[in-house]
Amino acid sequence: MNIQPIASHYIDGAYVEDTAGDLIEVIYPYTGKVIARLHAATPAIVDQALNAAKRAQKEWAGWTGTQRGRVLRRAADIMRERNHDLSVLETYDTGKPYQETSVADATSGADAFEYFGGLAGSITGEHIPLGENFVYTRREPLGVCVGIGAWNYPTQIACWKGAPALACGNALVFKPSETTPLCALKIAEILTEAGAPAGLYNVVQGYGAVGAALVTDPRVDKVSLTGSVATGRKVYAAAAEGLRHVTMELGGKSPLVIFDDADLEAAVSGAILGNFYSAGQVCSNGTRVFVQKGIKDAFLARLTDRLQAVVMGDPQDPATHYGPMVSAAQRDIVEGFIAKGQAEGARLVTGGTRPDMAGFFLAPTVFADVTDDMTIAREEIFGPVMSVLDFDTEAEALRRANDTPYGLAAGVFTADLARAHRMAAGFQAGTCYINTYNDAPVEAPFGGMKLSGVGRENSKAAIDHYSQIKSVFVRMDRCEAPF
Ligand code: NAD
């Protein structure tokens with residue numbers, strides 16, 4: 001597979017290069033070696049992409065929903081046919097094991113194109129009778145949307161933003177994370193192949209400055225960011241200047257509450273999925289694991305046992321469960337948190353060290369006896385670090401679970417049906433899980449409460465965030481005025 005793309009950007013249906021842009025080196029996290037060199041977009045490239053999007057959007061909005069949907073569904077089919085190659089590339093881009101990427105990345109991107117492709121023909125307004133007069137509403141596209149991505153799910157993010165935006169009749173300019181710039185280019189290629197007009201889905205590379213230039217451009221109608229809260233604050237504020245629509249998919253510090261009566265094996269599985277999948281680099285991870293005191297020792301013992309079975313190593317090997325972190329810088333950040341956990345008195349149960357292998361590996365790490373005030377229980381770590389906290393009662397667990405400025409996700413494991421639903425109702429989080437963790441099907445809304453975000457991705461809810469409603473009043477009798 002050729003990792004070096006034909007050029008850095010994809011604009012107006014073709015690859016485009018401008019070597020005047022800042023160098024972006026793509027590093028394979030398993031070897032630490034540079035595997036591709038790209039350039040950040042110059043102002044001329046940004047200009048070209050936005051002009052292409054603006055032109056293509058006018059044409060695309062004139063297509064019927066069914067015609068638009070057909071293109072998206074074709075793109076989904078092509079993605080599934082190429083799942084192997086796309087997954088290998090995602091693994092090079094991120095270091096995530098092929099065992100994950102082959103079932104969670106291009107496949108979930110294809111699901112998004114299929115789902116929103118299916119919905120495209122049903123994006124309609126309504127008829128509101130007012131006696132013999134009436135109002136009808138038109139659901140119209142917003143125009144040119146900008147998507148800005150994080151590095152943990154580069155293919156999925158490119159599709160989760162692209163599919164609903166295009167289904168609603170918008171065009172997109174997508175800026176991937178500078179850490180993982182390769183995958184989105186493939187999505188752009190595939191959309192062209194599937195019949196999308198040139199300029200409908202463009203990819204421009206760059207660091208934060210390119211994102212910032214896109215967000216404030218007057219040609220842009222909507223900005224959808226996946227990233228940290230710190231970046232979200234900046235992007236939301238910049239978008240507010242032009243009163244642009246926004247979707248903000250931001251960070252989290254989600255709770256996972258395990259009651260004494262839970263199925264222990266399932267609860268341990270949930271905690272593993274919610275902390276160590278993608279080497280812990282998942283926004284919705286349940287990193288504060290509240291375990292009721294009666295089950296705590298059994299939980300820790302079983303968790304530690306099961307973590308011994310993790311297969312770490314070459315992420316392209318389908319037998320590998322657990323790959324390196326995305327970058328040396330991210331691993332350093334996470335190691336800083338591990339040091340703080342130890343300094344503040346948490347008990348290191350397992351991990352905390354670099355396995356003896358090349359690449360940016362960090363062993364799955366579990367702290368026990370964590371208290372609510374410790375840094376590792378308060379701040380998003382975005383790495384393979386689980387904090388286990390003890391609790392006694394349901395009310396206490398719920399209060400402490402919600403004692404965070406974030407609200408992305410929350411989970412509960414219990415055999416008590418009524419308690420499970422009480423907890424789900426009480427959690428201040430956009431996505432809740434009962435006896436499972438981290439599922440993210442395209443059919444369900446995904447997004448955060450509190451500092452974790454604004455708006456929702458996936459599901460029919462996303463249509464509201466990529467379209468706007470126009471009301472048209474129609475008078476059948478004569479229009480009259482008092483003077
Ligand atoms: P980040 O905030 O550093 O960067 C995200 C993107 O924003 C990058 O493409 C970056 O270049 C761009 N950017 C940076 N400054 C900008 C600016 N001033 N204007 C416009 N764009 C700018 O995030 P990251 O380190 O790439 O990703 C990790 C974060 O993303 C974590 O906090 C994680 O929780 C979050 N995340 C959230 C979700 C979700 O759906 N809620 C999903 C994945 C990741």
Among the Cα-Cα pairs of the chain, the proportion with separation greater than 32 Å, in percent, is 42 percent
How long is the gain from Asn51 to Met357 if the chain were fully straight, where each residue apart is worth 0.36 nm and the alpha carbon distance is subtracted? 105.5 nm
How much net charge surrounds Gln330 when only the other residues with a Cβ under 15 Å from the Cβ of Gln330 are counted, with Lys and Arg +1 and Asp and Glu -1? -3
Taking all protein chains as present, what is the carbon and sulfur share of the accessible area of the chain, in % to the nearest whole number, probe 1.4 Å? 53 percent
Probe 1.4 Å, accessible area per residue of the chain, Å²: 39 Å²
What list of ³J(HN,Hα) couplings, whole Hz, do you get for region 35-52 from phi and the Karplus terms 6.51, -1.76, 1.60, once you set θ to phi - 60° and write x for glycine and proline? 10, 7, 10, 10, 10, 5, 5, 7, x, 5, 5, 4, 4, 4, 5, 5, 5, 5
Give a residue-ordered list of calculated ³J(HN,Hα) values for region 326-341 (Karplus: 6.51 cos²θ - 1.76 cosθ + 1.60, θ = phi - 60°; whole Hz; x for Gly, Pro). 5, 7, 4, 5, 5, 4, 4, 4, 5, 5, x, 5, 5, 4, 5, x
Nearest-5 percent of antiparallel DSSP beta bridges in the chain? 45 percent
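For Arg233 and Asp305 in the same chain, what is the full-extension length gain: residue separation times 0.36 nm, less their Cα-Cα distance, in nm?
That pair, Arg233 and Asp305, stretches by 21.8 nm at full extension.
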Enumerate the aspartates and glutamates that Lys33 could reach by cross-link, defined here as Cα to Cα under 17 Å, with residues fewer than 8 away along the same chain left out. Glu25, Glu90, Asp93, Glu178, Asp314
Sequence order, region 137-148: Karplus ³J(HN,Hα) from phi using 6.51 cos²θ - 1.76 cosθ + 1.60, θ = phi - 60°, Hz rounded, Gly and Pro as x, gives 10, 10, 9, 10, x, 7, x, 9, 9, 10, x, 10
Using helices alone, I'd like the mean residue ellipticity at 222 nm for the chain: each DSSP H run of four-plus residues gives -39500 (n - 2.57), total over residue count, nearest 500. -11500 deg cm²/dmol
For the table Lys293/Lys340; Lys161/Lys460; Lys54/Lys460; Lys58/Lys161; Lys96/Lys222; Lys58/Lys470, the rows whose alpha-carbon distance is greater than 21 Å are Lys293/Lys340; Lys54/Lys460; Lys96/Lys222
With a Förster radius of 45 Å, plug the Cβ-Cβ distance of Glu443 and Glu344 into 1/(1 + (r/R0)^6) and report the FRET value to the nearest 0.05. 0.65
Given a Förster radius of 51 Å and the C-beta distance between Thr375 and Thr137 as r, what FRET efficiency does 1/(1 + (r/R0)^6) yield to the nearest 0.05? 0.55
Additional length obtainable on full extension of the chain from Leu130 to Asp477, 0.36 nm per residue less Cα span: 123.8 nm
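The values are calculated or read from the model by the stated rules, or taken from the named source; none is laboratory data. What you are looking at is a predicted structure, and each value in this text was computed from that prediction instead of being measured. In this analysis, Cβ positions are derived from the backbone assuming ideal geometry, glycine residues included, and neighbour counts consider all displayed protein chains. The protein model used for the area step is the full one, side chains on, heavy atoms only, and it has no ligands, DNA or RNA in it. Shrake-Rupley method; radii C 1.70, N 1.55, O 1.52, S 1.80 Å.
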